[in-house]
Amino acid sequence: MNGSLHSSPNVVDIQLKRGPAGLGFNIVGGVDQQYVVNDSGIYVSKIKEDGAAGLDGRLQEGDKILAINGVKLEDQTHKSAVELFRTAGEDVLLRVLKKSSHHMNGPTGSQPEYKSSMSALGVLGVLAGVATLFGFLYMRHLKKHF
């Protein structure tokens, strides 16, 4: 693997043994389904408490999985990444970038991995619509009293 990945204190290797419930976590991301803006990486979206990852305790929701059994996950589609996990065997080695280091842009503590589903312009449009509706109802109310 890339030597620069070894030097980061936020990159860890996690060995998991597949259990009856599989590896016990869900993933999001990929070049076709970006989870983080301008980042096509694969991220942990949910940890199942009774699964291998949940019982191990080191993998957390929001962690970025860099590689599985030495195969880098960069430039993978979501489907191909899922297939790599499904065919990884019983003993699985994950190279993981811990969530705390995901503040690539912006001040420390910002959470770029959560994308807003509504733009600021959309919010303004909704507010304008609500204001128009209240104005209309208010004017109708005034006409009834004259």
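The values are calculated or read from the model by the stated rules, or taken from the named source; none is laboratory data. This one's a predicted model, so the numbers in the text were calculated from it and none came from an experiment. Here the Cβ is made from the backbone with ideal geometry for all residues, glycine too, and neighbour counts use every protein chain on show. Keep in mind that these areas ignore ligands, DNA and RNA; they rest on the heavy atoms of the full protein, side chains included. Shrake-Rupley method; radii C 1.70, N 1.55, O 1.52, S 1.80 Å.
Using the structure shown, decide if Leu23 is open to solvent by 10 Å² or more (accessible area, probe 1.4 Å), at negative phi, in contact with a helix residue (DSSP H, G or I) (Cβ under 6 Å, 6 or more places away or on another chain) and touching a residue at least 60 places away in the same chain (Cβ under 8 Å). Yes.
Only one of these is part of a helix (DSSP H, G or I), over 20 Å from Ile42 (Cα atoms) and modelled with pLDDT under 85: Val123, Val130. Name it.
Val123
Among the residues of the range 75-84, those identified as touching a Gly at 6+ places or on another chain (Cβ under 8 Å) and either among the hydroxyl-bearing types (Ser, Thr, Tyr) or surrounded by 14 or more Cβ atoms within 10 Å (Cβ to Cβ) (or both) are Gln76, Thr77, His78, Ser80, Ala81. Between a first residue in the range 44-72 that is in contact (Cβ under 8 Å) with a residue 60 or more places away in the chain and a second residue that is assigned to a helix (DSSP H, G or I), which pairs have beta carbons less than 9 Å apart while being 6 or more apart in sequence or on different chains? Taking only residues 6 or more apart or on different chains, the pairs are Leu66/Leu5; Ala67/Leu5. Among the conditions (1) under 20 Å from Pro9 (Cα atoms); (2) open to solvent by less than 40 Å² (accessible area, probe 1.4 Å); (3) under 12 Å from the mean Cα position of the chain (by Cα), Ser40 misses just one, which is (1). Within the bounds of the range 48-59, is there any residue that is of a type outside the set (Ser, Thr, Tyr) and assigned to a strand (DSSP E or B)? So far as the range 48-59 goes, no, none of its residues is of a type outside the set (Ser, Thr, Tyr) and assigned to a strand (DSSP E or B).
Determine, yes or no, whether Gly89 is open to solvent by less than 50 Å² (accessible area, probe 1.4 Å), part of a loop (DSSP other than H, G, I, E, B), closer than 28 Å to Ser119 by Cβ and at pLDDT 90 or above. No.
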